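For reference, the structure is listed below as structure tokens.
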Amino acid sequence: MKTGLISGIISLIIVIIISITAGNWQYIYYISGPLGILLTAIALVTLLDAFRFETRGPYFTPVRQREDTEWMKRFIIAAVPHLVASCICILFL
């Protein structure tokens, strides 16, 4: 879970640097909002894939399901900083 949080914070810092160099703070909203939504969607697809392999499929193992849920947690944790930043931009800009 630390890797997801660290990657989310680093990518948010990159977005903030881009918005500072461009001189437009709305880039945080334009980039972080869709990126947070995209990461959330990827996490949901990963979770659905883990449940699908739980019921059927030749590749199902408990280890694979555990790995899929770990990836889902990483994507959700990485999406949180972006969603928080875009919500702050909506409220204050």
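The values are calculated or read from the model by the stated rules, or taken from the named source; none is laboratory data. If you're wondering where the values come from, they're calculated on a predicted model, not measured in any experiment. A quick note on method: Cβ atoms are made from the backbone with ideal geometry, for glycine too, and the neighbour counts reach across all protein chains shown. Just so you know, the surface numbers come from the protein's heavy atoms only, side chains and all, with ligands and any DNA or RNA stripped out. Shrake-Rupley method; radii C 1.70, N 1.55, O 1.52, S 1.80 Å.
The residues of the chain expose, per residue, 68 Å² of accessible area to a 1.4 Å probe. Contact order for the range 1-92, expressed relative to its length and based on alpha carbon pairs under 8 Å spaced 6+ residues apart, stands at 47 percent. Here the gap between Ile10 and Cys87, fully extended at 0.36 nm per residue and compared with their Cα-Cα distance, gives a gain of 25.9 nm. Here the calculated FRET efficiency for Trp25 and Val45, from their Cβ-Cβ distance with R0 = 25 Å, stands at 0.20, rounded to the nearest 0.05. Both radii were evaluated on the Cα set of the chain; the Rg over Rh quotient, with Rh as the Kirkwood radius, amounts to 1.13. As a fraction of the 1.4 Å probe accessible area of the range 1-92, surface on carbon and sulfur atoms comes out at 74 percent.
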